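Here's the structure we're looking at; comments come further down.
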Amino acid sequence: MACVFALGLTAALAGTSAGADPLKNLPLSNSLASRCPSVARENISLPATRAALREGKPVTILAFGSSSTEGSGASAPQFRYPNQLQARLRAAMPGAQITVVNRGKGGEDVDEMLPRLGGTLAETKPTLVIWQAGSNAAMRRIDPAHFEAMMRQGIEMIRASGADLVLMDNQRSPRILSIANHATFDDIMARLATENGISVFSRFRLMTHWEEKGLLAAQTVGGDGVHHTDLGYTCLSAALTDSVLAATTSQPIMAGR
């Protein structure tokens, strides 16, 4: 079940002292973050990551995917969602060793991702994998059955590595919405998550909530109709941070700014 989160990271987080602003030194735009609406949290399960943090072990998060992960559309590297995620998590948990590795490659989907997945897992040894996929499959009109079969293989590889896995589905953008069966790929990812006991961070649902709160696609998606703007990446990273913190700490979480 989704629960509501408020913008602003509280001082209660990770022992942060009262009155301190844990995000004040982040390379993020406060003016952008302040525009991210309060929406329903995407609840995710991260047992391996939670255990590693409790035991004081380093945590490596592998951001794996295509151009949305790589950061296409961002005006500078600091706005890419993996970079923002790392900065926000480090600020929220200053005693933890957290590294986010960006292995997004523009234009790819499962056919190109799967051959490099094994080597990437061996190289990075992640605690958590956030796998963003499906948008290029939809735009290329890939057979959904083929997409599902390839996703199954990738899920098996990641689970065998012992890492937590969160699937990130498609953005709610003009080009994606123009594809008749775009929802099929999100549905496949949701079903695979249920079958395998893993989580989905639904970007499509998140962006639907944004629109309901007045943050329109014209503000969060660039002129190409596909990729996020700096504001889109900022709000995405804020929501994802909230979900990760809620899954890995026992304290009340309020992530955003």
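Taken together, the values in this text are just the output of simple stated rules run on the coordinates, not laboratory data. Treat the numbers as computed from the prediction; the structure is a model and nothing was measured. Neighbour counts are summed over all protein chains in view; Cβ atoms, including those assigned to glycine, are modelled from backbone coordinates with ideal geometry.
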Under-5 Å amide H pairs with S199, H placed in peptide plane, nonlocal only: S45, L165, L167
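Ranked by Cβ crowding within 10 angstrom, fewest neighbours first, how are V101, V221 ordered? Could the numbers behind the result be given before it?
On the way: V101 17, V221 23.
By the 10 Å Cβ count, ascending, the order reads V101, V221.
Treating only the Cβ of Lys, Arg, Asp and Glu as charged (+1, +1, -1, -1), what charge dipole size does region 177-236 show about its Cα centre? Round to the nearest 20 debye.
Numbers: 4 positive and 7 negative charges, 20 e Å.
Charge dipole of region 177-236: 100 debye, to the nearest 20.
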Residue-wise HN-Hα coupling along region 181-192, computed from phi with Karplus coefficients 6.51, -1.76, 1.60 (Hz; x: Gly, Pro): 9, 4, 5, 4, 6, 5, 5, 4, 5, 5, 5, 4
A122-D187 pseudo-label distance in nm [points 7 Å out on the Cα-to-Cβ vector]: 3.8 nm
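Quick check: from the Cα gyration tensor, does region 166-257 come out rounded (a/c under 1.5), prolate or oblate?
Working: a/c = 2.54, a/b = 1.15, b/c = 2.20.
The shape class here is oblate.
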Relative exposure of Y81, Y233, judged by other C-beta atoms within 10 Å (fewest first): Y233, Y81
Of (i) 27, 22, 16; (ii) 31, 19, 18; (iii) 63, 23, 16, the label for semi-axes √(5λ) of the Cα gyration tensor in Å derived from the coordinates: (i)
In sequence order, calculated HN-Hα J values of region 84-101 (Karplus, 6.51, -1.76, 1.60; Hz; x Gly/Pro): 5, 4, 4, 4, 5, 5, 5, 5, 6, 10, x, x, 9, 9, 10, 10, 10, 9
Value of relative contact order over region 79-154, rounded to a whole percent, pairs C-alpha under 8 Å and six or more apart: 31 percent
The chain - share of DSSP beta bridges that are antiparallel (%, nearest 5): 10 percent
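Can you sort T69, T194 by how many other beta carbons sit within 10 Å, fewest first? Walk me through the intermediate numbers first.
Values: T69 24, T194 11.
Lowest count first: T194, T69.
Hey, what number do you get for the chain at 222 nm if only DSSP H runs of n ≥ 4 count, each worth -39500 (n - 2.57), divided across all residues, to the nearest 500?
Working: 12 runs with 118 residues, N = 257.
For the chain, the value works out to -13500 deg cm²/dmol.
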For region 207-220, Karplus couplings with θ = phi - 60° (6.51, -1.76, 1.60), whole Hz, Gly/Pro x: 5, 5, 4, 4, 5, 5, 8, x, 8, 8, 4, 4, 8, 9
Simple spin-label estimate for L114 and R152 in nanometres, 7 Å along Cα-Cβ: 1.0 nm
5 angstrom amide H check on R41, placed H, neighbours 5+ away: C3, V4, F5
